[in-house]
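Engineer: Below is the structure I would like to discuss, written out as C-alpha cells.
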Amino acid sequence: MELSEAVVIGAGQAGLSSAYFLRRYGIEPVVLDAGHGPGGAWRHRSPTLTMEKVHGVFDLPGLGRQEAGGEPGRPAAEVVPAYYASYESATGLRVVRPVRVTAVREGARGRLAVETDAGEWQARAVVNATGTWTRPYWPYYPGAAGFRGRQLHYAAYRGPREFAGRRVVVVGGGASAMHVLSELAGVAAATVWVTRRPPVFRDDDFGTEARRAAVAMVESRVRAGLPPQSVVSVTGLTYSTVVREAMDKGALHRLPMFGRVTEDGVAWDDGTRVPADVIIWATGFRAALDHLAPLRLREPGGGIRVDGTQVVKEPRLQLVGYGPSASTIGANRAGREAARNVRALLSGRLAA
C-alpha cells in the first residue's frame, strides 16, 4: 500500500492537465494509467484519422502541440501519443502504467482507497479522469441480434478498405459519423446515413465564448444529477475537413432513424427497407465510472451530481472528463479547477 496526497486516475488530456496544475499548486500527484503507453484514447484511433481531420484541440498546459510538431497527413494515433510522451517527460510527472483501477472506496484515516491490479494507493484526494473511450454506447433496436451482416462500433473502425463493395449503414450525428462517411463514400457500394435528430450544421466562428456556452449547457445537467449529454450534441457540426469531404462526395443525405434491424438491413415503420451488409454504430460513448460504484454516488436521475468538477456527495473526489469536460473543449479548464479544489480540500478550506 502506498500513501499519496492526490491520485489521478487516467493519463489522457484531462488527467495530465489535472496533474500539471496539482504540481503547480504544490501537490505532487501520482497518475495511474491503464494504457501500455502515453496517449490516452488517442492511441486507439483509426489510422485514417489524420491530423488535418482532427476536429478538436488537445493541447496540454505548459507545452503546446506546436512545440511537439505533427504533419497534417500523419495519423493522430501516432502524433498525439508522441506529444503526450514528450509532455510526460518534460514535466516529470509520475505516471505509473499499465495499472487498472478496479475500485475506489472509503479508506483508512479519512482517505480514499484506490484499489488496482498493481496494489493499493491511499489518497487524501482523487481526481478521476478515466474518460469514455472504453465504454462505447450501443443503442438497442429491435432485430439487431438477428442481423446476418457485420455490426461494429466506431471504436473498432480502422479505415474504409475493409468495406469496399459493401452496403453500409452509418448511425450517428457527430464527428465520428462524419469521419466514417467521408471515407466510405466512393469506396463502399452504398452508404446510408441515419440519425435520431436532424443534424445541425453551423458556419459561424465557433470561438471561445461559444465554446464556453456549450460547456455550460452540458454542465447544467450534471449539476442536477442527470446523465451528461455530449458537448457535440450541443454545439452541432462545424464545416470541418471531414464534413466538407463527405459533402463533396454526396454522403450527407440524412434519413431519420429506422425502427428496426432486419436480417439483411434496416426498416422503417412506414415500410421502407434498406439492404445492408454492415452497420457502423457511431453512437458515442459513456463515462467509464464502474470503479467508483463502491462510493454510491449516483443520483435518482441516473447521473453523478457535480459542482464544477467536485462530486457533491464526495468532496474528496473530482471528476474531469465527465460531462462538460468530456470534450477537449473543457478538459484543461477542468484540470485547473480540479487542482484548485484539491488544494482547498488539503489546506482545510473545504470540509472533507
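Engineer: Considering only the stretch 326-340, state which residues are at pLDDT 65 or above and either out of contact with any helix residue (DSSP H, G or I) (no Cβ under 6 Å at 6 or more places or on another chain) or part of a loop (DSSP other than H, G, I, E, B) (or both).
Structural biologist: Of the residues in the stretch 326-340, the ones at pLDDT 65 or above are 330-340.
Listed by number, the residues that qualify are G330, R333, E337, R340.
Engineer: Name the one entry in G92, G159 that is touching a residue at least 24 places away in the same chain (Cβ under 8 Å), at positive phi and surrounded by fewer than 17 Cβ atoms within 10 Å (Cβ to Cβ).
Structural biologist: From the options G92, G159, the qualifying one is G159.
Engineer: Oh, and also: Give me a count of the residues in the stretch 16-35 that are under 18 Å from the mean Cα position of the chain (by Cα) and part of a loop (DSSP other than H, G, I, E, B).
Structural biologist: Count: 3.
Engineer: Might you let me know whether the stretch 108-117 holds any residue that is over 29 Å from G172 (Cα atoms), among the small types (G, A, S) and either touching a helix residue (DSSP H, G or I) at 6+ places or on another chain (Cβ under 8 Å) or part of a strand (DSSP E or B) (or both)?
Structural biologist: Looking through the stretch 108-117, at least one residue is over 29 Å from G172 (Cα atoms), among the small types (G, A, S) and either touching a helix residue (DSSP H, G or I) at 6+ places or on another chain (Cβ under 8 Å) or part of a strand (DSSP E or B) (or both).
Engineer: Which one of these is assigned by TED's automatic domain parsing to the domain that holds G37, surrounded by 22 or more Cβ atoms within 10 Å (Cβ to Cβ), within 23 Å of A14 (Cα to Cα) and touching a residue at least 40 places away in the same chain (Cβ under 8 Å): A103, A125?
Structural biologist: Result of the check over A103, A125: A125.
Engineer: Please go through the stretch 270-313 and pick out each residue that is among the hydroxyl-bearing types (S, T, Y), under 28 Å from Y157 (Cα atoms) and crowded, with 18+ Cβ neighbours inside 10 Å. Working first, answer last.
Structural biologist: Taking the stretch 270-313 as the starting set, the residues that turn out to be among the hydroxyl-bearing types (S, T, Y) are 272, 283, 309.
Add one more test, that the residue is under 28 Å from Y157 (Cα atoms), and what stays is 272, 283.
Scanning the stretch 270-313 gives a single hit, T283.
Engineer: Something else: Does any residue of the stretch 56-75 turn out to be in contact with a Pro (Cβ under 9 Å, 6 or more places away or on another chain) and not in a loop (DSSP other than H, G, I, E, B)?
Structural biologist: yes
Engineer: Could you go through the stretch 246-256 and let me know if any residue there is assigned to a helix (DSSP H, G or I), touching a residue at least 24 places away in the same chain (Cβ under 8 Å), buried (at least 17 other Cβ atoms within 10 Å of the Cβ) and in contact with a strand residue (DSSP E or B) (Cβ under 9 Å, 6 or more places away or on another chain).
Structural biologist: Yes: one or more hits.
The values are calculated or read from the model by the stated rules, or taken from the named source; none is laboratory data. These numbers were taken from a predicted model, which means no experiment stands behind them. Cβ sites come from the backbone with ideal geometry, for glycine too, and all protein chains shown count toward neighbours.
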